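Since the structure comes first, as structure tokens, the remarks are kept for the end.
The values are calculated or read from the model by the stated rules, or taken from the named source; none is laboratory data. Keep in mind the model is a prediction, meaning the values are calculated, not measured. Quick reminder, even Gly has a Cβ in these numbers, built from the backbone with ideal geometry, and neighbours come from all protein chains shown.
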């Protein structure tokens with residue numbers, strides 16, 4: 001009876017232990033399922049991140065291509081603006097030259113006709129008498145110390161007007177064209193090779209040989225004279241390159257910019273003085289060129305005709 | 001007073017117009033209307049000779065080298081002459097030894113001639129020496145009192 005009882009107790013303990021172990025095994029299986037689900041979720045997240053990374057890499061590659069394209073377009077724009085600036089400088093100088101040629105022609109025609117008329121008047125017999133009368137009347141009318149009756153003044157002024165109509169070119173200042181001589185003076189500092197200053201202006205061609213009615217020669221000589229006066233004798237002669245007058249001077253010990261400014265001011269002052277001496281109004285504009293533009297427009301030293 | 005166009009004046013003097021412009025402008029005498037009066041024409045005529053040399057453009061003047069030899073070379077005293085007998089010289093320098101070069105002859109140093117100067121007192125230019133006339137007491141410096149204006 002004791003043995004059976006022991007067997008029953010042992011069987012009951014075994015069944016209890018089996019039930020506990022079954023529960024624990026079930027719990028472990030549940031844990032395994034949860035870990036598997038977590039791993040699957042993580043794998044999905046990794047796959048999503050990898051997909052995002054791939055898209056980001058594609059975006060980076062596309063952006064780099066766009067950047068290269070932008071850089072290429074920027075270079076194209078720079079090249080285009082460089083060429084347009086060169087073309088603008090050339091066309092401006094060419095326009096100044098053509099416009100100056102027109103004014104120079106007007107000047108030549110006016111002065112030639114004026115001189116011809118003066119010569120004709122001087123060849124006439126009574127010109128001297130009329131000039132004497134004119135200047136006497138002028139002096140009389142300007143003399144404030146002598147009172148002149150109104151009637152006499154009126155008669156004198158009428159006589160003066162008549163004489164002016166007959167010998168006008170002999171007593172009047174020489175005529176000048178109505179147009180204004182406009183020019184753009186470009187200047188720059190060339191720093192490639194020997195630093196030098198360069199100044200260019202689109203002047204019309206002077207006649208060969210030049211004459212007193214040659215406005216182009218007057219302006220050209222005046223500008224060179226001013227350069228010699230301000231900078232000193234021995235400065236390099238100007239040269240003509242495709243019709244453009246170019247002054248080029250080695251900077252020497254001075255800064256190229258400073259030398260360019262000095263040369264520009266000298267040329268400008270000379271042109272202004274010469275135009276004023278000819279009675280031609282002028283408007284000059286100075287434009288500083290970037291050295292690379294100037295280097296492209298003007299050849300260095302003496303490739304063109306020197307005077 | 002006759003005036004000429006500067007181009008015509010230059011052509012008459014045988015120089016280029018820019019030469020004429022440079023001459024006058026360097027003396028601050030260039031007329032901006034290009035018409036040259038007689039005084040300026042005389043200036044051009046006087047200055048044209050010096051200008052012709054430069055018509056081909058400005059000539060750069062080389063910087064003198066400080067280490068270059070001077071115009072006068074130093075005169076070294078010649079070595080004393082010591083005649084050597086012919087047979088003794090043959091013993092010293094046998095003809096069978098052609099590799100030994102004979103000593104170079106002493107260089108005759110000739111000093112450079114002095115620069116040609118005009119005679120003293122000759123008025124060759126404005127920088128010529130002033131002609132001095134010694135008085136009875138000899139040369140002396142006299143300080144003249146300032147001239148007082150007449151009252």
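Does residue A:176 satisfy the condition of being within 14 Å of another protein chain (Cβ to nearest Cβ) and at pLDDT below 85?
Answer is yes for this residue.
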Seminar exercise, completed: Out of (1) within 14 Å of another protein chain (Cβ to nearest Cβ); (2) within 15 Å of residue A:93 (Cβ to Cβ), the one residue A:228 does not meet is (2)
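Would you point out the residue of segment B:25-42, among those that are farther than 20 Å from residue A:230 by Cα and under 28 Å from the mean Cα position of the chain (by Cα), that is farthest from the other protein chains (Cβ to nearest Cβ)?
Let us first name the residues in segment B:25-42 that are farther than 20 Å from residue A:230 by Cα, namely B:35-39, B:41-42.
Next cut, under 28 Å from the mean Cα position of the chain (by Cα) only: B:41-42.
On the way: B:41: 15, B:42: 18 Å.
Looking at residues that are farther than 20 Å from residue A:230 by Cα and under 28 Å from the mean Cα position of the chain (by Cα), I get B:42.
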Exercise. What number of residues within segment B:23-51 are touching a helix residue (DSSP H, G or I) at 6+ places or on another chain (Cβ under 9 Å) and not in a helix (DSSP H, G or I)?
Worked result: 10
For this session: Please state which of the following conditions residue A:239 fails to meet, knowing it meets all the rest: (1) within 14 Å of another protein chain (Cβ to nearest Cβ); (2) buried (at least 22 other Cβ atoms within 10 Å of the Cβ).
Result: (2)
Exercise. What number of residues within segment A:254-290 satisfy the criterion of being more than 22 Å from residue A:217 (Cα to Cα), free of Cβ contacts under 8 Å to residues at least 24 places away in the same chain and surrounded by 17 or more Cβ atoms within 10 Å (Cβ to Cβ)?
Worked result: 0
For this session: Please tell me if residue B:22 is at the interface with chain A (Cβ under 9 Å from one of its Cβ atoms), surrounded by 13 or more Cβ atoms within 10 Å (Cβ to Cβ), over 24 Å from residue A:173 (Cβ atoms) and modelled with pLDDT of 90 or more.
Result: yes
Exercise. Could you say whether any residue in segment B:52-74 is modelled with pLDDT of 55 or more, closer than 25 Å to residue A:270 by Cα and part of a loop (DSSP other than H, G, I, E, B)?
Worked result: no
For this session: Name the residue, out of A:201, A:171, A:180, that is under 12 Å from residue A:271 (Cβ atoms) and in contact (Cβ under 8 Å) with a residue 12 or more places away in the chain.
Result: A:201
Exercise. What is the one condition in (1) within 15 Å of residue A:274 (Cα to Cα); (2) surrounded by fewer than 17 Cβ atoms within 10 Å (Cβ to Cβ) that residue A:192 does not satisfy?
Worked result: (1)
Exercise. Taking segment B:1-19 only, how many residues are facing chain A (nearest Cβ under 8 Å) and either touching a strand residue (DSSP E or B) at 6+ places or on another chain (Cβ under 8 Å) or outside any helix (DSSP H, G or I) (or both)?
Worked result: 3
Exercise. Can you name every residue in segment A:277-293 that is part of a helix (DSSP H, G or I) and within 18 Å of residue A:227 (Cβ to Cβ)?
Worked result: A:277
For this session: Please verify whether segment A:18-31 includes one or more residues that are free of Cβ contacts under 8 Å to residues at least 12 places away in the same chain and under 30 Å from residue A:293 (Cα atoms).
Result: no
Problem set entry | Lone unmet requirement of (1) in the same structural domain as residue A:289 (by TED's automatic domain parsing); (2) on the phi < 0 side of the Ramachandran plot for residue A:124 | (1)
